[in-house]
1. Take Q2 and tell me if it is closer than 30 Å to A116 by Cβ and not aromatic (F, W, Y).
2. Which ones in segment 129-162 are part of a loop (DSSP other than H, G, I, E, B) and small (G, A, S)?
3. What pairs can you find where one residue is in segment 38-51 and more than 12 Å from I6 (Cβ to Cβ) and in the same structural domain as P13 (by TED's automatic domain parsing), the other is aromatic (F, W, Y) and surrounded by fewer than 17 Cβ atoms within 10 Å (Cβ to Cβ), and their Cβ atoms are less than 7 Å apart, with a gap of 6+ or different chains?
4. Need a quick list: helices (runs of 4 or more DSSP H) entirely within segment 1-93 having at least 3 residues that are under 17 Å from L125 (Cα atoms) and at pLDDT 95 or above.
5. Could you identify the single residue in D162, D146 that is under 19 Å from L96 (Cα atoms) and surrounded by 19 or more Cβ atoms within 10 Å (Cβ to Cβ)?
6. Take segment 262-292 and flag every residue that is among the β-branched types (V, I, T) and within 20 Å of H220 (Cα to Cα).
7. Could you count how many residues in segment 209-226 are in contact (Cβ under 8 Å) with a residue 12 or more places away in the chain and more than 14 Å from A283 (Cβ to Cβ)?
8. Among the residues in segment 155-168, are any under 21 Å from the mean Cα position of the chain (by Cα), β-branched (V, I, T), over 21 Å from G112 (Cα atoms) and in the same structural domain as L96 (by TED's automatic domain parsing)?
Amino acid sequence: MQSKDIIKVLENPEAISFMNSHIEDDVAMLSLKYQGKVDFNITVCLQLLAIYKKAKKKLPSFWRYKLALDARSYEQSSSEAVAAYKASFIKGDTFLDITGGLGVDSISLSKGFCKAVAVEQNEELHTIAAYNVSKIHIPIVRVLGDGVTHLSKVKVTWLYIDPDRRVGDKRSVDLNYLSPNVIDLLPLIYSQAEQTYIKLSPLYDIKEAYRQFSNLREIHLIAERGEMKEVGLVLSNLKDTECQLHLVDVASGFCSELSWSALDGKVTASEYSKQKYIHIPNALVSKASAAHHFAGVEVVRHMEFELFFSDCVLSAGFRNFELLHHGSMSAKMLRKILQNIGIKSINIIVKGSNEPADLWHKKLGTTDGGKYYAIVCKGKKKAVFIAKLIS
């Protein structure tokens with residue numbers, strides 16, 4: 001979709017009325033029914049409608065105000081909930097986003113500044129983003145150009161960078177392959193910005209951050225509905241302050257702060273030996289490798305997988321399960337055990353393999369769902385844990 005075609009549809013009252021009336025309908029059926037029968041570009045309208053169906057949860061304001069977007073910019077954008085969390089601490093006098101994109105983050109962040117500027121070098125994306133901020137009257141200046149060049153000319157309170165992680169058709173975690181290359185930019189960053197937020201892949205190793213950035217002051221691990229969304233690094237010119245980790249799930253309300261030194265501990269790895277409970281850390285605790293910090297009691301870690309065992313129910317950062325059975329992976333034996341317990345529906349978690357859960361349901365004669373779980377560990381020592389979710 002071209003930006004001019006998107007905007008033309010969004011400025012058409014008939015097209016807007018059409019989308020409002022058909023947001024719950026099947027897009028393919030709408031195409032068959034209305035092609036050539038309306039006075040607006042039905043193809044672009046239906047492409048927008050397909051994106052809005054998904055955007056209602058991730059970007060509710062974009063649906064509510066019928067803001068412009070395309071499939072690629074939608075997939076790469078933060079959710080509004082994640083952007084709102086970042087806006088809770090990124091505040092000050094002047095703000096510069098040198099990787100403007102669709103503008104979900106900068107729209108939210110700009111509200112905490114006296115002056116905000118977002119720079120985007122892609123003309124089509126810039127046109128879409130500029131249209132959006134004018135439509136909802138957000139006080140941010142959108143600039144078409146090179147963000148690094150713009151940064152070299154101004155000094156700001158906060159700098160925001162969301163480097164492009166695409167390398168050809170693949171996505172990279174290595175900072176040396178990102179665009180712009182934030183490692184090469186560090187001298188310019190430190191000279192022009194008091195504080196900087198760098199948005200990185202949820203797969204990025206936070207220990208690498210500590211090694212690569214001498215002025216690292218905060219690491220924000222951000223999840224939504226139990227899924228890691230991004231690793232955010234805050235660089236600052238402040239001296240002699242220890243790096244702090246912030247673990248936040250913007251949907252569940254889980255929130256915790258700990259110092260870098262709190263990660264020094266570790267959990268003893270051992271074979272399961274008749275503990276009463278099994279615990280699975282949430283995405284944030286797992287990402288931070290902080291199970292020892294959140295457990296608060298003596299726990300034992302599985303020899304190969306992120307499974308923890310204890311005789312207590314843990315209060316935060318874990319899903320807790322009561323162990324009902326631990327044994328071999330014999331499908332025949334497991335089917336009999338499940339029948340004896342009266343379990344017909346069970347959730348399957350496979351560790352150490354990409355084997356689909358459906359394959360195990362066929363073996364066990366079960367369906368997916370309920371409060372019971374089969375945790376299949378396909379490591380050096382193969383075993384299955386049958387457990388009941390407690391909390």
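The values are calculated or read from the model by the stated rules, or taken from the named source; none is laboratory data. All values derive from a computational prediction rather than experimental measurement. Methodologically, a virtual Cβ is constructed for each residue, glycine included, from the backbone with ideal geometry; neighbour enumeration extends over all protein chains shown.
1. Yes, satisfied.
2. Restricting attention to segment 129-162, the residues satisfying the condition of being part of a loop (DSSP other than H, G, I, E, B) are 136-140, 145-146, 152-155, 162.
Listed by number, the residues that qualify are G145, S152.
3. Once the first residue is more than 12 Å from I6 (Cβ to Cβ) and in the same structural domain as P13 (by TED's automatic domain parsing) and sits in segment 38-51, its partners that are aromatic (F, W, Y) and surrounded by fewer than 17 Cβ atoms within 10 Å (Cβ to Cβ) give I42/Y34.
4. Working: elements: 3-10, 13-22, 27-34, 42-58, 60-64, 71-76, 80-87.
Those helices (runs of 4 or more DSSP H) span 3-10, 42-58.
5. D162
6. First pass over segment 262-292, keeping only residues among the β-branched types (V, I, T): 267-268, 278, 280, 285.
Across segment 262-292, the qualifying residue is only V285.
7. Filtering segment 209-226 down to residues in contact (Cβ under 8 Å) with a residue 12 or more places away in the chain leaves 209-210, 212-213, 215-226.
Okay, now just the ones that are also more than 14 Å from A283 (Cβ to Cβ), so 209-210, 212-213, 215-219.
Adding up the residues that qualify gives 9.
8. yes
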